[in-house]
Amino acid sequence: MEIKKICVIGGGRMGRQIAMNASIYGFDATVYDIAPAVCDDVAGWAEKYLSERIAKGRMTEEQVAKIKTLFHVEPVLEKALEGVDCVVEAVIEVEDVKRKLFKQLDALVGPEVILATNSSFMVSSKFADCVSNPARLANMHFYNPALVMKFVEVVQGAHTSEETARALYEFCGKIGKKAIWQKKEIDGFAGNYLIMGILKRARYLVQNGYCTYQDVDIAMEEGFHNPMGPFHMIDLTGVDLALDIMKREYDETGVKPDMYDVFEQMVKEGRLGKSVGHGFYDYV
Ligand SMILES: NC(=O)c1ccc[n+]([C@@H]2O[C@H](COP(=O)([O-])OP(=O)(O)OC[C@H]3O[C@@H](n4cnc5c(N)ncnc54)[C@H](O)[C@@H]3O)[C@@H](O)[C@H]2O)c1
């Protein structure tokens, strides 16, 4: 089982970069998004990104020309899936949306095609009943920004075959990533499981008036040499995504997470983080 051609579903912050990363390493990658405006945006973004790589001397004209033959944006799902051996799901972090999509994909691709989810927190076993062959279903979790971050988690669920996990793990190596092959599912996977502990304590300190969020970032950046404190990191990954995760915790436990109201207000005001220029910090 070898991955040669992929389709990434969802052309947002993560999807477009996952596909571009694959194309840079010589893989045919197509981005599909349900929103035609996002498809247009991805095409424009790719053009700009690649031109900038040439301008900065990071890529040659020839390299970019080759990448352009491998990177595609396709607004029709059936066409985007033609001939692929792996689909990477990178749509919004809403379980029902992902479940519906996996059922749709199951009807559109053969049972041998690998289905990988880039979900931040949902283990692939949540979708095992949506597909006819759950042995080809697994998590392949990239970090943001996916073009830069080397770390990827491939998570093998109880339903995932060894071959599927191996194919994904080897694919990560071929696209310049440093992956771990997690043999069992855990909420948040190894990386986020660790980081959630820090974020929870960071929100507790601010909610309860021990210090400001800026102080928390200073503590982690200056005190522990983290490249980014927790609130800088939330700005990068998206305040909306953090709120989705907090909502899930709230639903499951009935206990309102610290700073929940702050995050909710920020999302209402459109302060979603670095991608829009404003979050906990201003970027424009
Ligand atoms: N942002 C991060 O830092 C980060 C990091 C790792 C993993 N993730 C995960 O990656 C996934 C995508 O995150 P993102 O930050 O790129 O989100 P995003 O909101 O930037 O993009 C999601 C895209 O999915 C599209 N979409 C929604 N429903 C769709 C459907 N049914 N079919 C096709 N497209 C659909 C939307 O139009 C949107 O463009 C989520 O599961 C998220 O948890 C995000």
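Sorting the Cα pairs of segment 189-275 by distance into bins of 10 Å, from 0 upward, gives 17, 52, 29, 2 percent per bin. Taking every DSSP beta bridge with both residues inside the chain, roughly what % is antiparallel (nearest 5)? Approximately 20 percent, going by the DSSP bridge assignments. Among the listed pairs 200/268; 66/103; 68/100; 4/79; 247/274, a Cα-Cα separation exceeding 24 Å is found for 66/103; 68/100. The charge dipole of segment 186-256, taken about the Cα centre with unit charges on the Cβ atoms of Lys, Arg (+1) and Asp, Glu (-1), comes to about 220 debye, rounded to the nearest 20. Of the solvent-accessible surface of segment 71-180, computed with a 1.4 Å probe and all protein chains present, 56% belongs to carbon and sulfur. Stokes-Einstein diffusion of the chain at 4 °C, 1.567 mPa s viscosity, Kirkwood radius from Cα pairs, rounded to a whole number: 66 µm²/s. Ranking 276, 110, 131 by how far each Cα lies toward the positive end of the dipole of the chain (charges on Cβ) leaves 110 at the top.
With 5 Å bins beginning at zero, the pair-distance distribution over Cα atoms of segment 1-111 amounts to 2, 12, 23, 24, 19, 11, 6, 3, 1 %. Accessible surface area normalised per residue over the chain is 49 Å², counting heavy atoms of protein chains with a 1.4 Å rolling probe. Dividing the mean sequence gap of close Cα pairs (under 8 Å, 6+ apart) by how many residues the chain holds gives a relative contact order of 13 percent.
Peptide packing: for 117-130, 263-276, the average count of neighbouring Cβ atoms within 10 Å per residue gives the ranking 117-130, 263-276, highest mean first. As a calculated quantity, the FRET efficiency between residue 62 and residue 37 at R0 = 35 Å, using C-beta atoms, amounts to about 0.65. Its Cα centre serving as origin, segment 88-180 has a Cβ charge dipole (Lys and Arg +1, Asp and Glu -1) of approximately 240 debye. Using only side-chain charges placed at the Cβ, +1 for Lys and Arg and -1 for Asp and Glu, the dipole size of segment 1-100 relative to its Cα centre rounds to 300 debye.
The values are calculated or read from the model by the stated rules, or taken from the named source; none is laboratory data. All of these numbers come straight from a predicted model, not from anything done at the bench. As a convention, Cβ positions derive from the backbone with ideal geometry for all residues, glycine included, and neighbour counts pool all protein chains shown. Keep in mind that these areas ignore ligands, DNA and RNA; they rest on the heavy atoms of the full protein, side chains included. Shrake-Rupley method; radii C 1.70, N 1.55, O 1.52, S 1.80 Å.
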